[in-house]
Amino acid sequence: MAQQPEYLTTREVAALLRVRERKVYDMAAAGEIPCRRLTGKLLFPRAEIERWLGGGAAARPAQGIGVSGGMAGGMGSGGVVAGSHDPLLEWAIRESGAGLATMFDGSLDGLERLAEGAACAAGLHVPDGRGGWNVAAVAERLSGGAALVGWARRRRGLIFAPDRALADIAGLRGLRLVRRQARAGAALWLEQALRRAGVADALWTEPVARTETEAAAMVAQGEADAAAGLEAAAKPFGLGFLPVEDEAFDLVVDRRAWFDPPLQRLFAFARTPAFTAKAAALGGYDLTETGVARWNAP
């Protein structure tokens, strides 16, 4: 008899539980099922799943957070980039070989992880309601030892199926919108945009998209009619995109970790022609402020 694999895939677990794969992703993100996350892929230890199904071992959040350029495990929290997801950042971490891990679960979650010493940097795009980005959120939550460094300006707006026309935010009335996690910058942005447009009857998907790519994928797969998203996320799926504004996506970094090789290697890579070419191919990026210090904690 062939030996059973030590780890199950998301599809295999979904078949075992008789649920959709999206439900398995949600359970993993909420720490409701034993799993590991390696280079962005979820793996489920067979033995732990069997004990969990039998009411034994308690579930725990995904471990081995997606490491790029190194092995999962054995890396301190100083090697983790948390916060909001950005397609260009995710690609650059992998291609630069910086050896950084990622835990993308929203801007405000990233700020908390940085404050707790569980990350060396966090991606942010938090609107302050007055036309500014990120500085107010960082100054309010971090008292010292941190700096805000520009990553890119990004074109943010609405992603929708190519057979649907959207002219403005008001056009979202009655549509199924992709739900983002409560502490994501995209959720905060869309909440403000809907309020300004007087839209109070939007319908939300039950599954939560935790990255820009997941949000676009849900629209592409017909699970939602529209989503708050990036041009860089819409383009690979061939989706429609309505630009609304340019936002500042920054990295807030631990000042001590800034001088360590991983972050230095990442930002050195961000100065290469390959990085510039990738940003242009994705679309919707302005790299003018990449690497520029935008705020420094007292």
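Quick notes on this structure:
- Some residue of region 8-23 being buried (at least 19 other Cβ atoms within 10 Å of the Cβ), at pLDDT below 65 and not aliphatic (A, V, I, L, M): no
- TRP189 within 23 Å of LEU89 (Cα to Cα), touching a His at 6+ places or on another chain (Cβ under 8 Å) and not charged (D, E, K, R): yes
- Complete set of residues in region 158-168 that are surrounded by fewer than 22 Cβ atoms within 10 Å (Cβ to Cβ) and in contact (Cβ under 8 Å) with a residue 40 or more places away in the chain: ALA161, PRO162, ARG164, ALA165, LEU166, ALA167, ASP168
- Checked against (1) modelled with pLDDT under 70; (2) assigned by TED's automatic domain parsing to the domain that holds VAL126, ALA29 passes all but a single condition, namely (2).
- Residues that are under 25 Å from GLY123 (Cα atoms) and acidic (Asp, Glu) within region 207-243 comprise GLU212, GLU214, GLU231, listed in sequence order.
- The one condition from (1) surrounded by fewer than 17 Cβ atoms within 10 Å (Cβ to Cβ); (2) modelled with pLDDT of 90 or more; (3) of a type outside the set (Asp, Glu) that GLY144 does not meet is (2).
- Among the numbered conditions (1) in contact (Cβ under 8 Å) with a residue 60 or more places away in the chain; (2) touching a Phe, Trp or Tyr at 6+ places or on another chain (Cβ under 9 Å); (3) part of a helix (DSSP H, G or I), the only one that ALA216 does not meet is (1).
- Yes/no for ALA72 being more than 26 Å from ARG179 (Cβ to Cβ), at pLDDT 75 or above, under 21 Å from the mean Cα position of the chain (by Cα) and aliphatic (A, V, I, L, M): no
- When region 176-212 is filtered for residues that are in a loop (DSSP other than H, G, I, E, B), in contact with a Leu (Cβ under 7 Å, 6 or more places away or on another chain) and not small (Gly, Ala, Ser), the ones remaining, listed by number, are ARG183, VAL199.
- Single condition ARG294 does not satisfy, out of (1) closer than 18 Å to ALA147 by Cα; (2) under 19 Å from the mean Cα position of the chain (by Cα); (3) basic (Lys, Arg): (2)
- Of the helices (runs of 4 or more DSSP H) lying entirely inside region 230-298, those containing at least 3 residues that are among the small types (Gly, Ala, Ser) are 231-234, 273-282.
- Matching residues in region 183-198 - criterion: being buried (at least 18 other Cβ atoms within 10 Å of the Cβ) and either over 26 Å from ASP105 (Cα atoms) or of a type outside the set (A, V, I, L, M, F, W, C) (or both): ARG183, GLY185
- Meets criteria (surrounded by fewer than 17 Cβ atoms within 10 Å (Cβ to Cβ), assigned by TED's automatic domain parsing to the domain that holds PHE160 and more than 20 Å from GLU90 (Cβ to Cβ)) for ALA297: yes
- Check on GLU90, surrounded by fewer than 24 Cβ atoms within 10 Å (Cβ to Cβ) and modelled with pLDDT under 90: no
The values are calculated or read from the model by the stated rules, or taken from the named source; none is laboratory data. Model, not experiment: these values are computed from the prediction. Positions of Cβ are backbone-derived with ideal geometry, glycine not excepted, and every protein chain shown enters the neighbour counts.
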